[in-house]
Amino acid sequence: MRKTDQKLNSILRLTPRQEKALQKLRLITVRDLLLHFPFRYDDFSNIVTVSEDYIGQIITVEGTVSKIKSRRIFPRRMTVTEIFIQDSKGNTLRSVWFNQALSLSGIKEGMTIRVSGKLAIDQKYFSMSNPSFERAGRAATNTGCLVPVYPETDGITSKWIRWQMKNLLGYAAYLDDFVPEETRKKLHLFSFKSALKQIHFPDDAEKLLIAQKTFAFREMFLVQTKALQTKMAWDGKKAITIRSDGKAADDFLKSLPFELTGAQKKASLEISKDLGRPVPMNRLLNGDVGSGKTVVAAIAALETASSGHQAAIMAPTEVLARQHFESFCRIFKDHDFNIALLTGSYKLVSKKAAGSTRSSVEKLTRKNILEEISSGNIDIAIGTHALIQKDVDFKNLALVIIDEQHRFGVAQRSALQDETMELKDGNGSASRRTIPHLLTMTATPIPRTLAIAFFGSLELSILDEMPKNRKPITTKIAQPKQQKEIHDFIRNEAAKGRQAFIIFPFVEESKAMTEVKAAVSEHERLQREIFPELRLGLLHGKMKAKDKEEVMTQFKNKEYDILVSTSVVEVGIDIPNATVILIENAERFGLSQLHQFRGRVGRGEHQSYCFLFTDSASSERLRVLEETNDGFKISERDMELRGPGQFFGRVQSGLPDIAMENLANVKLIKISKEEAEAVLSKDPQLKKHPALRDALKKFQEDVHME
Ligand code: ADP
Ligand code: MG
């Protein structure tokens, strides 16, 4: 075991309370603590003798303790400790602390100490209230320097962490530095060890900055090296060439009730070209809700299936997989394709019987579906992640389409690609093996700059044009006091036969049960008190896929007028008759997510409305949703406001915070990518960079999907 993998509780004397607190902060090993970074620094580096010039400023004063007074204020059960010190010029400074008697008990008259805090003048003395302090003989840790302030929890103070950190920093020598020395020198970055020292105990502001740059670079370098490695492996593979004469696609397009948008045509052409090449496609289809990604995916599947190969389509949830299955069955009703749906709960196949023009849907067992897939009987297989598990053998899989929604994070993409590469096809002997073309689709637009910078290893097709027949959704930010008015509005729409969504922001998974209770009681309250004459359905995250499905089908069939839902409704369900969406506590969601919700309406012929309930304090941020329906504009704004992390899911991305913060730092990404290229071009197997190889392996394990 590495020294840095030792458990903190085995090398530190911890009280049970401290142990619990550390666990809460997820600080288990020495390494964890070393990588627990300050979130800010108190600048106590200005060491001076007291004078009127410094009043109101943060300073550090060193002096000899001349008097200590301690008293209790009984009614408030407080102790007040006063310590007077004389600085080198003989000025007196009075410091006052409340309830710090214990930690001050080591300070005695005659000692030299340092105090750091804001200087004030109080009656006749210079004074400080609750200053940070320590004995002057010690190295500056809590005073006299840039003092790190850590994320704390009850039981663990910053002061305690500083103290332990000082002692544990020596362990940094046992941590491998995976950034090649050459790279580090070229970019004037610190070694891992020095960077750790400087991030915890910076000598000065400049060194702190270099340390922060060093960590940002490390993370981004790892991400980029991983991406590049995957790309190199990918580019070295062969894919099945799908030659289409264009006729199948043309006929298909003629059969559609609409004409493709310019953006759809362009994307389709780009995909078609990629499919025709013997190297595997790796393309991201980046488009807004409702921009028509499904048809573009369908054309790719059509070309694949018409050329006698198989296509697989993967969705993040069962409900969505089911919807894709239905869309594809409908879209291809005039074709002879056999289409399968395979998820935990669904095992369906849609086939056309010989001589019949109509398809029928059959239920099969998982085993039977797998047989149909491996025999090549299935042309298009749709499902969840279950679809590309090791036990699924395709006969000649040539295209994998992943409808990403929010679920599949970015860092997992390379893991996913690795999995795609591992997919078996029936005739694949190792030497002449091909891998499928890969098309991923975003659920919501990712800012263009971010997509280009971050998905450097992907080709990009952008659907930035909405189908013409769309009526922009009217969006209004509403105060809680307007609730009645808006409830009346919903009632009115319902009277006209329309339907509505009411969304509550119960989102935290950790509070799943509370969420369910809250959703259930809101649904009851609305039904009983507000809309007694209407039919209200309920949807929440803890329902089984089948039940969710049932509720949504019922809503679709107009058995409900209103669907009360938690954020699970986000997955792209299509209810053309729904014209109103009301979102409670809208400020709890990001702009992109709100835009995504809003996309649940406005899918039919009627004018649609979105009401965002929020208190006035938060309404400014949401204003952009009133102003535009352009998802790309909204996501750019969202990135400015909340950083890029959200585009990749919260927990799922697997990226460390520091890399997240720097995702939008285009220059950093560029440099990291160049360095990754430099290293890998000279040493593709990383034989000379074992530390980097190990770090990548660990990175892969950390971000790998369960
Ligand atoms: P998303 O990009 O969110 O997956 P969909 O593919 O579900 O969007 O498309 C939304 C709706 O728009 C579907 O009902 C689809 O049939 C329709 N649609 C797609 N392309 C066009 C178009 N070019 N013109 C008109 N309607 C279109
Ligand atoms: Mg979609």
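What is the fewest-to-most order of Trp160, Trp97 by other Cβ atoms lying within 10 Å of their Cβ? Provide the component values of the computation, followed by the final result.
On the way: Trp160 14, Trp97 20.
Taking fewest neighbouring Cβ atoms as first place, the list is Trp160, Trp97.
With the Cα gyration tensor of the range 572-624 giving a ≥ b ≥ c as the square roots of its eigenvalues, does the rule (a/c under 1.5 for rounded; else a/b larger than b/c for prolate; else oblate) give rounded, prolate or oblate? Before the final figure, lay out the partial values.
Numbers: a/c = 2.63, a/b = 2.07, b/c = 1.27.
Cα axes put the range 572-624 in the prolate bin.
Placing +1 on the Cβ of each Lys and Arg and -1 on the Cβ of each Asp and Glu in the chain, which of Leu209, Ile113, Asn577 has its Cα farthest towards the positive end of the resulting dipole?
Checking the options against the dipole of the chain, the answer is Ile113.
Tally Lys/Arg at +1 and Asp/Glu at -1 over every other residue whose Cβ is under 9 Å from the Cβ of Thr79; what's the total? Intermediate results must be reported in sequence, preceding the final value.
Details: positive: Arg71, Arg72, Arg77; negative: none.
Within the 9 Å Cβ shell, the charges total +3.
Of the listed peptides 98-111, 260-273, what is their order by residue-averaged count of other C-beta atoms within 10 Å, with the highest listed first? Please list the in-between numbers first.
On the way: 98-111: 12.4, 260-273: 18.1.
Going from most to least packed, we get 260-273, 98-111.
Quick one: Debye curve from the alpha-carbon atoms of the chain only, equal weights, vacuum; give me log10 I(q)/I(0) at q = 0.06 Å⁻¹ to two decimals.
Taking Cα atoms of the chain as identical point scatterers yields -0.47.
Near Ile47, within a Cβ-to-Cβ distance under 9 Å, what is the net charge of the other residues, with Lys and Arg +1 and Asp and Glu -1? Display every interim value, and only then the final one.
Details: positive: Arg114; negative: Glu62.
With Lys, Arg at +1 and Asp, Glu at -1, the net is 0.
Where a ≥ b ≥ c are the square roots of the eigenvalues of the C-alpha gyration tensor, would you call the range 1-136 rounded, which needs a/c under 1.5, or, failing that, prolate if a/b is larger than b/c, or oblate?
Details: a/c = 2.49, a/b = 1.82, b/c = 1.37.
Prolate, since a/c reaches 1.5 and a/b exceeds b/c.
How much FRET efficiency would the formula 1/(1 + (r/R0)^6) give for Leu256 and Gln685, where r is the Cβ-Cβ distance and R0 is 45 Å, rounded to 0.05?
Numbers: r = 49 Å, r/R0 = 1.08.
Calculated value: 0.40.
Is there a pair in Lys108/Lys159; Lys20/Lys69; Lys226/Lys688; Lys231/Lys468; Lys542/Lys698 whose C-alpha atoms are over 27 Å apart, and which pairs would that be? Working shown, then result.
Working: Lys108/Lys159 20 Å; Lys20/Lys69 35 Å; Lys226/Lys688 16 Å; Lys231/Lys468 37 Å; Lys542/Lys698 32 Å.
The answer is Lys20/Lys69; Lys231/Lys468; Lys542/Lys698.
Which percent, to the nearest 5, of DSSP beta bridges fully inside the range 337-381 are antiparallel? Display every interim value, and only then the final one.
Values: 9 of 11 bridges.
Of the beta bridges lying entirely in the range 337-381, close to 80 percent run antiparallel.
With a ≥ b ≥ c the root eigenvalues of the C-alpha gyration tensor of the range 234-343, is it rounded (a/c under 1.5), prolate (a/b larger than b/c) or oblate?
Since a/c stays below 1.5, the shape of the range 234-343 is classed as rounded.
Quick check on the exposure proxy: order Arg135, Arg598 from fewest to most C-beta atoms within 10 angstrom.
Details: Arg135 14, Arg598 25.
Fewest to most other Cβ atoms nearby, the residues stand as Arg135, Arg598.
Residue by residue, what Karplus-based ³J(HN,Hα) values in Hz, rounded to whole numbers, does the range 490-500 have, using 6.51, -1.76 and 1.60 with θ = phi - 60° and x for Gly and Pro?
Each residue of the range 490-500 in turn: 4, 4, 4, 4, 4, 4, 7, x, 8, 10, 9 Hz.
List Lys468, Lys347 from most exposed to least, where exposure is judged by having the fewest other Cβ atoms within 10 Å.
On the way: Lys468 8, Lys347 19.
The fewest-first ordering by Cβ neighbours comes to Lys468, Lys347.
From the C-alpha gyration tensor of the range 519-607, pull out the three semi-axes of the equivalent ellipsoid (sqrt of 5λ each), sorted largest to smallest, in whole Å. Show your work: numbers first, answer last.
On the way: eigenvalues 69, 53, 44 Å².
Working from the Cα gyration tensor, I get semi-axes of 19, 16, 15 Å.
Report ³J(HN,Hα) in whole Hz for each residue of the range 32-49, in order, from the Karplus equation J = 6.51 cos²θ - 1.76 cosθ + 1.60 where θ = phi - 60°; Gly and Pro get x.
4, 5, 4, 9, 8, 8, x, 9, 7, 10, 8, 7, 9, 7, 7, 9, 9, 9
Answer with one residue from Ala101, Ser127, Pro148: the one whose Cα lies farthest towards the positive end of the charge dipole of the range 101-200, charges on Cβ with Lys, Arg +1 and Asp, Glu -1.
Of the listed residues, the answer is Ser127.
In debye, nearest 20: dipole of the chain around its Cα centre with unit charges on the Cβ of K, R (+) and D, E (-)?
Working: 105 positive and 89 negative charges, 329 e Å.
Taking the Cα centre of the chain as origin, the dipole is about 1580 debye.
What is the antiparallel percent of DSSP beta bridges lying wholly in the chain, to the nearest 5?
Working: 45 of 101 bridges.
So the antiparallel bridges in the chain amount to around 45 percent.
Can you list the HN-Hα couplings for the range 685-690, worked out from phi with the Karplus curve (6.51, -1.76, 1.60; θ = phi - 60°), rounded to whole Hz and with x for Gly and Pro?
8, 6, 5, 8, 10, x
Scan around Glu134 for amide H atoms under 5 Å from its own, H built in the peptide plane at 1.01 Å from N, and keep only partners 5 or more places away or cross-chain.
Sorted by chain and number, the residues that satisfy this are Arg114.
Laboratory data are not the source of any read-out in this text; all were calculated from the coordinates shown. Keep in mind that this is a model prediction, so the values were computed, not measured. Because the Cβ atoms are built from the backbone with ideal geometry, glycine has one as well, and the counts that use them run over all protein chains shown.
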